[in-house]
Amino acid sequence: MTEAEAMLDEHDPSTRPAELVARSLGTDVSTGLPADEARRRRDQHGANELRVARSTPWWGRLLAQFQDPLIYLLLGAVVVSSVAWLLEGHEPLPIDAIVIAAIVLLNAVLGYVQESRAADAVAALAKMTAVTSSVVRDGERRRVPSTELVPGDLVLLEEGDAVGADARLVQVAELRVQEASLTGESASVSKDVQPVPERAPLAERTSMVFKGTAVTQGTGLAVVTATGMHTEMGRVAEMLDATREDPTPLQREVARIGRTLGIAVIAIAAVVVLTILLISDISSAGDLVTVLLLGVSLAVAAVPEGLPAILSLVLALGVQRMAEHNAVVKNLSSVESLGSATVICSDKTGTLTRAEMTIERVATASGTTHITGTGYAPRGEIQGPEHSPPEGPLRAEQIVAISGGSLANNAALRQAGEDQWSIEGDPTEAAFLVAEKKFGIEERRQRRFQRVREIPFTSERKMMSTVELDHEWGDQPILVTKGAPDILVSRCTRIRVGMEVVAMDESWRERARADVESLSNDALRTLAVAYKPLESVDDQGNAEELERDLIFVGTVGIIDPPREEAAVSVAEAKRAGIRVIMITGDHPGTAVRIASRLGIVDADAQALTGADLDQLDESDFADAVRRTSVFARVAPVHKLRIVDTLQADGHVVAMTGDGVNDAPALKSADIGIAMGITGTEVTKEAAKMILADDNFATIVQAVREGRGIFDNIRKFLRYLLSSNMGEVLTVFLGVVGAGVIGLSAVGEGLVLPLLATQILWINLVTDSGPALAMGLDQPEDDLMQRPPRRPDQPAIDRRMWAGVLFTGLVMAATTLFTIDFYLPHGLIEGSGTLDEARTAGFTVLVFAQLFNCFNARSETVSAFHHLFANGWLWGAVTLSLVLQVAVVHIPAMNYAFGTVPLTLEQWMVCAALGSLVLWLGEARKWVLRRTNKAAV
């Protein structure tokens with residue numbers, strides 16, 4: 001950095017005279033930098049681009065799929081199974097280890113493929129245009145890639161240009177810049193060369209232009225003061241890099257389940273193995289291997305091997321459903337996260353509003369009209385008193401006001417498609433063109449008037465004027481002016497009343513001021529329109545002389561209208577117990593009005609500004625966030641701090657936005673939601689979900705989807721864990737009580753009630769299908785009437801664990817009863833073989849789990865309620881029964897799984913015993929419902 005640049009860095013260039021800034025950077029404002037000096041500075045400072053995070057290679061994204069406690073547990077089971085197979089040494093293949101490893105790999109592939117598809121969708125949304133800038137070097141104008149701009153470059157700005165770097169303005173001509181992506185301010189900002197009195201917020205640094213913004217009107221000349229990561233956009237990127245990205249609630253919950261199961265598996269296996277070693281006579285290495293195999297069997301029984309794959313499939317199906325609603329989810333777990341949201345922090349411009357300035361009211365001498373319809377599509381009605389169309393003097397005045405604003409105008413309105421409209425130029429000026437089309441007068445205005453002169457808008461005059469020839473009045477020249485109402489009223493001596501022009505006395509002035517105050521109180525931006533006939537087309541006096549003795553026409557109220565569907569979405573979010581907070585860079589009054597129209601706050605609510613927040617200590621800041629739902633004139637650091645404060649209060653925060661200034665908060669939030677159409681690439685990169693249609697209503701659909709997914713996750717967790725509990729208790733109680741049920745009398749050494757391969761078959765084949773089908777259950781009727789799930793509320797609470805244990809005990813008892821029923825020398829004297837008794841017990845356990853899948857759909861609601869609502873579940877149960885028949889009756893599978901064929905009578909006994917879990921489960925639900933009623 002040169003000495004001059006170092007000095008510049010110590011002082012805000014927006015507060016210093018332009019000549020001094022240019023001199024500090026060694027720039028001649030007429031010739032710019034020499035080309036060789038520009039090359040030297042580029043070598044010194046690097047390319048004018050933001051630092052991009054290095055993309056993760058495909059193998060890194062694949063390995064990331066294995067970073068989960070439940071996966072670690074399954075990989076541990078693979079190792080233990082492999083070691084046991086080596087010790088045993090007589091099986092041809094380690095079937096347990098192979099199947100579990102295949103499940104782990106399948107889960108990883110599912111996650112990888114889904115995230116890759118999301119990445120492709122995000123890439124398809126990205127705009128791949130290369131930005132260029134006009135610079136003056138060696139006294140010549142040239143067009144260069146914006147990445148080659150350096151500090152000290154002299155940049156030419158024209159309407160439609162993207163600003164390539166932060167720069168201090170040297171010359172301007174009616175220059176206006178759209179800075180919404182950086183500041184959140186919906187209206188374009190007028191620029192001038194005068195330094196601001198003191199360091200101000202970005203939105204108020206009128207002597208500067210910033211990288212990533214766009215010129216909507218006029219021209220300018222500016223000297224580059226910062227490039228790359230030293231720009232204001234670069235500061236946001238730095239903040240983004242420093243923002244920590246927390247795991248989603250679902251990721252935290254699955255990790256907690258994995259840890260719980262891991263501890264349980266180790267504890268169960270250790271207790272059982274130690275118990276057997278203490279109570280049994282271990283006299284050989286073979287007996288020791290058998291005991292270790294029992295530990296492996298228990299591990300296999302306790303771990304729901306299919307859970308990761310089922311979870312990934314259910315989430316992937318949810319992601320596909322979201323894609324049908326124009327939401328691109330970048331991470332599977334993010335689908336559920338939004339369902340857990342307790343707060344949605346939303347940007348205003350372009351998210352809750354349309355980012356399309358619209359004239360809503362027109363106040364003239366004879367009254368006020370309301371113009372319906374929002375956005376740039378010219379659809380709407382003109383409503384006068386009592387909602388009837390204006391007539392007579394009122395209509396005449398309204399037409400003059402709208403036509404005048406359309407004449408003193410440089411914007412263009414274009415129809416891009418059947419129902420699509422776009423603008424070129426300043427959005428506020430475009431609002432007059434849209435209103436004019438609603439009046440149906442644009443064609444006549446275009447035929448009638450011809451522009452011969454323009455007096456550009458300046459920040460000093462706060463007006464723009466044009467001189468038009470009126471072809472209907474013999475080419476009479478007319479001066480038409482629009483600008484700030486207080487300025488125009490002071491320059492008017494007459495007023496238009498109907499078709500007449502009368503003197504503008506003090507009463508008329510008070511009336512005009514009252515109209516402005518009324519519109520402003522409703523948070524409408526105001527612009528006034530005036531005109532006056534000229535003597536001749538040669539009456540070309542200076543602006544100060546021409547823009548006097550005007551005829552006042554009226555004042556228009558302009559608003560960036562809220563999205564119609566957003567109000568419905570906010571109402572539904574509130575019914576779902578979700579707090580909606582607006583965080584915007586716009587004016588406080590405008591923010592409160594939009595928020596009240598959307599139902600976020602009451603009309604008398606107050607907004608807090610960034611300046612207000614800066615005055616608060618940590619405690620007061622936290623209190624302010626708890627009680628305030630509208631924040632205006634805030635900087636990116638405030639948005640990030642608000643999100644962090646909400647999270648510290650225990651909230652699950654969703655943050656929507658489209659501008660660069662939203663990116664750090666989006667990354668820090670539990671789920672960041674970027675706009676796909678208006679969103680910047682930085683924002684899309686930081687977000688976890690992208691709305692391809694920029695529709696706020698899609699967020700509520702995502703909340704519904706997320707809640708439904710979490711409900712279904714609880715269903716199949718209840719089902720899988722109770723099934724696994726039944727398997728664990730069957731093996732444990734069968735070994736401990738082997739002498740009671742006759743197992744110890746049918747062979748030497750330790751005899752297991754079920755084989756490890758049979759347990760694995762249940763977990764992976766007969767369990768997985770119904771569990772996956774539960775993930776497709778239709779959402780409950782009251783899904784969006786419930787309060788959000790508390791962040792500290794586990795997916796498996798105490799009541800669910802009690803139900804899991806109860807169901808597991810029922811399953812184990814019926815399975816062991818079946819084995820005892822067929823074996824001799826037990827409580828019941830049977831006559832079957834060990835293989836026959838084990839096959840019957842195996843089949844009863846499968847039947848019990850299939851009956852249990854209907855029970856598991858709810859903790860308290862009867863299984864017979866909406867029994868046939870889920871066709872997928874019935875299909876999965878049927879398939880599981882077919883597979884169980886196959887494993888019992890196909891010889892090759894008899895060999896692989898240690899089964900023998902059963903008779904029809906035995907099948908009927910197994911089905912009857914297996915159904916006990918359903919009837920006892922119904923009895924438990926009945927008790928729970930009665931208990932809940934009594935508690936109420």
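Of the listed pairs LYS574/LYS688; LYS211/LYS574; LYS330/LYS438; LYS191/LYS639, which have alpha-carbon separations greater than 32 Å here? Before the final figure, lay out each step's value.
Details: LYS574/LYS688 23 Å; LYS211/LYS574 38 Å; LYS330/LYS438 42 Å; LYS191/LYS639 26 Å.
Long pairs (Cα-Cα over 32 Å): LYS211/LYS574; LYS330/LYS438.
If R₀ is 35 angstrom, what is the calculated FRET efficiency for the pair VAL271 and VAL882, using the beta carbon separation as r and rounding to 0.05?
The value I calculate is 0.40.
Taking the stretch 770-842, which GluC sites (Glu not before Pro) meet the DSSP loop condition and have no more than 13 other C-beta atoms within 10 Å?
The qualifying sites are GLU829.
Taking 0.36 nm per residue of separation and subtracting the Cα-Cα distance, what length does fully extending THR260 through GLU424 add?
Value of the extension gain: 53.1 nm.
ASN542 to ALA611: FRET efficiency via 1/(1 + (r/R0)^6), r the Cβ-Cβ distance, R0 45 Å, to the nearest 0.05?
My answer for the efficiency is 0.70.
Taking the Cβ-Cβ separation of ASP28 and ARG143 as r and a Förster radius of 25 Å, what is the calculated FRET efficiency to the nearest 0.05? Please report the intermediate quantities before stating the final value.
Values: r = 20 Å, r/R0 = 0.80.
The calculated FRET efficiency here is 0.80.
Sketch the reach of a paramagnetic label on ASP470 as a point 7 Å from Cα along Cα-to-Cβ, and name the residues of the stretch 513-536 whose backbone nitrogen lies under 15 Å away.
Those under the cut-off are 530-536.
Rg/Rh for the stretch 346-503: what does it come to with C-alpha atoms and Rh from Kirkwood?
That ratio is 0.96, to two decimals.
By how many nm would the segment from ALA745 to ASP486 lengthen if fully extended, with 0.36 nm per residue of separation less the alpha-carbon distance?
Details: separation 259, 0.36 × 259 = 93.24 nm, distance 10.39 nm.
So the extension gain works out to 82.9 nm.
Which order do SER346, SER858 fall in if you start with the one that has the fewest other Cβ atoms within 10 Å?
Neighbour counts put them in this order, fewest first: SER858, SER346.
What residues qualify as long-range amide H neighbours of THR132, i.e. H under 5 Å apart, gap of 5 or more or another chain, H built at 1.01 Å from N?
Amide H to amide H, under 5 Å and 5 or more residues apart or across chains, THR132 pairs with SER146.
I'd like to know which of ALA528, ALA503, TYR376 lies farthest towards the positive end of the charge dipole of the stretch 358-558, counting +1 on Cβ of Lys and Arg and -1 on Cβ of Asp and Glu.
TYR376
For ALA200 paired with GLU618, estimate the spin-label separation in nm (one decimal), with each label point 7 Å from Cα along the Cα-to-Cβ line.
Rounded to a tenth, the inter-label distance reads 3.4 nm.
Give the order of TYR822, TYR112 when sorted by the count of other beta carbons within 10 angstrom, beginning with the fewest.
On the way: TYR822 23, TYR112 18.
Ordered by Cβ neighbours within 10 Å, fewest first: TYR112, TYR822.
Check SER188: other-chain or 5+ apart residues with amide H under 5 Å from its amide H, H built from backbone geometry?
Those qualifying (amide H under 5 Å, at least 5 residues apart or on another chain) are THR428.
If you count, for each residue, the other Cβ atoms within 10 Å and average over each peptide, how do 847-855, 368-376 line up from highest to lowest?
Result, highest mean first: 847-855, 368-376.
Please report LEU920, LEU729, LEU157 as a ranked list, fewest other C-beta atoms within 10 angstrom at the top and most at the bottom.
Ascending number of Cβ neighbours within 10 Å: LEU920, LEU729, LEU157.
Under unit Cβ charges (Lys, Arg +1; Asp, Glu -1), what dipole magnitude, rounded to 20 debye, does the stretch 358-558 have relative to its Cα centre?
Dipole magnitude for the stretch 358-558 comes out near 200 debye.
List the residues, sorted by chain then number, that are 5 or more residues from ILE581 or on another chain and whose placed amide H is less than 5 Å from its amide H.
Under 5 Å from the amide H of ILE581 lie the amide H atoms of ILE344, CYS345, SER346, each far enough along the sequence or on another chain.
Determine the gain in length on full extension of the stretch ILE890-THR493; use 0.36 nm per residue of separation and subtract their C-alpha separation, reporting nm with one decimal.
The ILE890-THR493 span can extend by a further 132.6 nm.
Could you sort 347-359, 196-208, 312-324 so that the peptide with the highest average Cβ count within 10 Å comes first and the rest follow in order?
Top of the packing list down: 347-359, 312-324, 196-208.
What lysines could a cross-link reach from LYS925, if we take a straight Cα to Cα line under 16 Å and drop same-chain neighbours fewer than 8 places away?
Straight-distance partners of LYS925: LYS715, LYS933.
For labels at ARG798 and GLN415 in the simple 7 Å Cα→Cβ model, what's the distance in nm?
Output for this residue pair reads 6.8 nm.
Here, each number is a calculation from the coordinates, and none is a lab measurement. Values in this document were obtained by computation on a predicted structure and should not be read as measured data. Here Cβ is always computed from backbone atoms with ideal geometry, including for glycine, and neighbour counts include all displayed protein chains.
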